[in-house]
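Colleague: Here's a structure for you.
The values are calculated or read from the model by the stated rules, or taken from the named source; none is laboratory data. In this text the structure is predicted, and so the values were computed from the model without any measurement. For neighbour counting, all protein chains shown are included, and Cβ atoms are generated from backbone atoms with ideal geometry for every residue, glycine included. All accessible areas refer to the heavy atoms of the entire protein, side chains included, with ligands and DNA or RNA removed. Shrake-Rupley method; radii C 1.70, N 1.55, O 1.52, S 1.80 Å.
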Amino acid sequence: MDQLVSRLLLYGELEEESILRRLAELFQDWKGGNRPRQELIRGLYRQVKRLLDLATDYGFDENLWQNYLTFLLMTNENSFSLITERAGKQAGSVHHFAKEDFAVFRALFHYDFAPLERDLGIDCFSTLCHYQAIAKHERRYNKNVSEKVRQLSRALAAAPDENAFFDLVTDHYRRYGVGLLGLNKAFRIRSGPRGVELLPIYNTDKVMLRDLVGYENQKQQLRANTEAFLAGRSANNALLYGDAGTGKSSSIKALINEYYDQGLRMIELYKHQFQDLSAVIAMVKNRNYRFIIFIDDLSFEENEVEYKFLKAVIEGGVETKPDNVLLYATSNRRNLIRETWKDRGDMELQNEVHRSDTLEEKLSLSARFGVRINYSVPNHSQFQEIVCTLAQRQGVKIPQETLLAEANKWELRHGGVSGRTAQQFINHVAGSLETDETP
């Protein structure tokens, strides 16, 4: 194994603590007799445990060794993988080196652990290569990543030579990309000593636009702008504003489920992180994805000035915003910033000569969003339609007259008519029915 790993060129810059590098060093020590037997076994078991931990995090199964090697290929950002992500397979001398590396990976895929296991009296690698995982709830692992790793892993294991291996890996890079950005739909950010980092959001909401009852015109506007963005045509930043609980956030979250396969990714940003927005844009501007930076519940109080920074980043700095980034925000306020009578009146001109200028500066932030979509509360009949549709989807089988009567009581006690109120009511009813049916 150590000789194979040492032959890697494009994929040779493995992290010092990577499992593959550590295993290669242990195999070298085994062949050279450089470590006591028990110390060698302990070292191997440490790496096996790391493989098991990785398999648990990502829901690997069947052949954990091949799953790990596939995961390594899918996440290794090097000159070849990044160029292939952006431009696909193109003729070039680098393909020669890539195929040499893939020949190494193919050999590692079918590596014979039997001599090592016989000599040391262990069977951990045989177990890893014929593994049966314990069933887990999908919230406990990244199902989206797991499915892609296992699917590609099975295909690579069946590849007859390095040319077929090459085609499979490069097709994956072109379709999904490479690294965490290629594997995951959505991210949040974290600032620390190493600067700004993107952290995958593993268990994203499974909502689709069709799951949002009503609001067809609003959803169509959002679709049209997003599809123009994905097609490389002109598109606008979008502001979804209106009453609470009407589906503004759900509509935006649904987009990554609708368009992930077309290269759409989402980065969630909070108001206190606006100072990191330029760094985030710099990280993603040269990647072969389209990014929606999602700001939920965006609003500013009278004395907050972060809106000025956001304005500059959106459309006012020296460096233009890249074509592969848009901002989508939700707010309960159309103008984003709370206005007071003091803003509009002329009563305190002695304190602010150009008060109208101040008001215009505040209102200009919402103007930076070229698409503004209103989500208003449904009327009573629309609310009842939402209740009935959600009840049908969740298998709530009670007479419609009873259902709607109880829904009316619920909305009076829980904040009025909205999609959120309807969903909460149906959750309550479904939970009550499950309790009643429990033996």
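Colleague: Does ILE267 qualify as being over 19 Å from ASN374 (Cβ atoms), at pLDDT 90 or above and crowded, with 20+ Cβ neighbours inside 10 Å?
Modeller: Against the criterion (over 19 Å from ASN374 (Cβ atoms), at pLDDT 90 or above and crowded, with 20+ Cβ neighbours inside 10 Å), ILE267 qualifies.
Colleague: Could you grab the pairs with beta carbons closer than 7 Å, sequence gap of 6+ or different chains, first residue in region 190-202 and of a type in the set (Gly, Ala, Ser), second one modelled with pLDDT of 85 or more and open to solvent by 30 Å² or more (accessible area, probe 1.4 Å)?
Modeller: GLY195/ALA279
Colleague: Just for region 15-38: of the residues that are polar (S, T, N, Q) and either within 40 Å of the chain's Cα centre (by Cα) or at pLDDT 95 or above (or both), which one is farthest from GLY121 (Cα to Cα)?
Modeller: By that ranking, first place goes to SER18.
Colleague: While we're here: Quick check: is even one residue across region 317-327 at pLDDT 65 or above and surrounded by 22 or more Cβ atoms within 10 Å (Cβ to Cβ)?
Modeller: yes
Colleague: If a residue must be surrounded by 17 or more Cβ atoms within 10 Å (Cβ to Cβ) and in a helix (DSSP H, G or I), how many such residues does region 5-20 contain?
Modeller: Matching residues across region 5-20 total 3.
Colleague: Could you tell me whether any residue of region 200-218 is more than 20 Å from the chain's Cα centre (by Cα) and under 14 Å from VAL371 (Cα atoms)?
Modeller: Within region 200-218, one or more residues are more than 20 Å from the chain's Cα centre (by Cα) and under 14 Å from VAL371 (Cα atoms).
Colleague: Take the conditions of a type in the set (Phe, Trp, Tyr), in contact (Cβ under 8 Å) with a residue 60 or more places away in the chain, in a helix (DSSP H, G or I) and open to solvent by less than 30 Å² (accessible area, probe 1.4 Å) and apply them to PHE97. Does it pass?
Modeller: Details: of a type in the set (Phe, Trp, Tyr): yes; in contact (Cβ under 8 Å) with a residue 60 or more places away in the chain: yes; in a helix (DSSP H, G or I): yes; open to solvent by less than 30 Å² (accessible area, probe 1.4 Å): no.
For PHE97, the condition - of a type in the set (Phe, Trp, Tyr), in contact (Cβ under 8 Å) with a residue 60 or more places away in the chain, in a helix (DSSP H, G or I) and open to solvent by less than 30 Å² (accessible area, probe 1.4 Å) - is not met.
Colleague: Which condition breaks for LEU412 when tested against (1) open to solvent by less than 80 Å² (accessible area, probe 1.4 Å); (2) not in a loop (DSSP other than H, G, I, E, B)?
Modeller: Only one criterion in (1) open to solvent by less than 80 Å² (accessible area, probe 1.4 Å); (2) not in a loop (DSSP other than H, G, I, E, B) is unmet by LEU412, namely (1).
Colleague: Failed condition for LYS148, given (1) basic (Lys, Arg); (2) closer than 26 Å to LYS271 by Cα; (3) at pLDDT below 90, with all others met?
Modeller: (2)
Colleague: Turning to a different aspect of this structure: Give me the pairs, please: first residue somewhere in region 217-243 and on the phi > 0 side of the Ramachandran plot, second residue anywhere and surrounded by 21 or more Cβ atoms within 10 Å (Cβ to Cβ), beta-carbon distance under 8 Å, and either six or more positions apart or on two chains.
Modeller: Listed by first residue and then by second, the contacts come to GLY242/LYS248; GLY242/TYR375.
Colleague: So in region 39-51, with the set limited to residues that are within 30 Å of ILE201 (Cβ to Cβ) and open to solvent by 60 Å² or more (accessible area, probe 1.4 Å), which one is farthest from the chain's Cα centre (by Cα)?
Modeller: Top of the filtered list is ARG46.
Colleague: Is there a residue in region 84-93 that is at positive phi, among the charged types (D, E, K, R) and either assigned to a helix (DSSP H, G or I) or touching a residue at least 40 places away in the same chain (Cβ under 8 Å) (or both)?
Modeller: Looking through region 84-93, none of the residues is at positive phi, among the charged types (D, E, K, R) and either assigned to a helix (DSSP H, G or I) or touching a residue at least 40 places away in the same chain (Cβ under 8 Å) (or both).
Colleague: Here is a further query. All but one of (1) part of a helix (DSSP H, G or I); (2) touching a residue at least 60 places away in the same chain (Cβ under 8 Å) hold for GLU77, so report the exception by its number.
Modeller: Only one criterion in (1) part of a helix (DSSP H, G or I); (2) touching a residue at least 60 places away in the same chain (Cβ under 8 Å) is unmet by GLU77, namely (1).
Colleague: While we're here: Which of the following residues is open to solvent by 70 Å² or more (accessible area, probe 1.4 Å), out of contact with any Gly (no Cβ under 9 Å at 6 or more places or on another chain), free of Cβ contacts under 8 Å to residues at least 60 places away in the same chain and over 30 Å from VAL284 (Cβ atoms): PRO36, PRO115?
Modeller: Every option except PRO36 fails the conditions.
Colleague: Considering only region 228-235, I want to know if a residue exists there that is more than 22 Å from GLY263 (Cα to Cα) and polar (S, T, N, Q).
Modeller: So the first thing to find is which residues in region 228-235 are more than 22 Å from GLY263 (Cα to Cα), and the list is none.
Within region 228-235 (the criterion being more than 22 Å from GLY263 (Cα to Cα) and polar (S, T, N, Q)), the answer is no, since none of the residues qualifies.
Colleague: Still on this structure: Would you pick out the residues in region 265-301 that are touching a residue at least 40 places away in the same chain (Cβ under 8 Å) and under 16 Å from ASN225 (Cβ atoms)?
Modeller: Across region 265-301, the qualifying residues are MET266, ARG290, ILE292, PHE294.
Colleague: Report, by residue number, each residue of region 52-66 that is assigned to a helix (DSSP H, G or I) and over 20 Å from ASN203 (Cβ atoms).
Modeller: LEU52, LEU64, TRP65, GLN66
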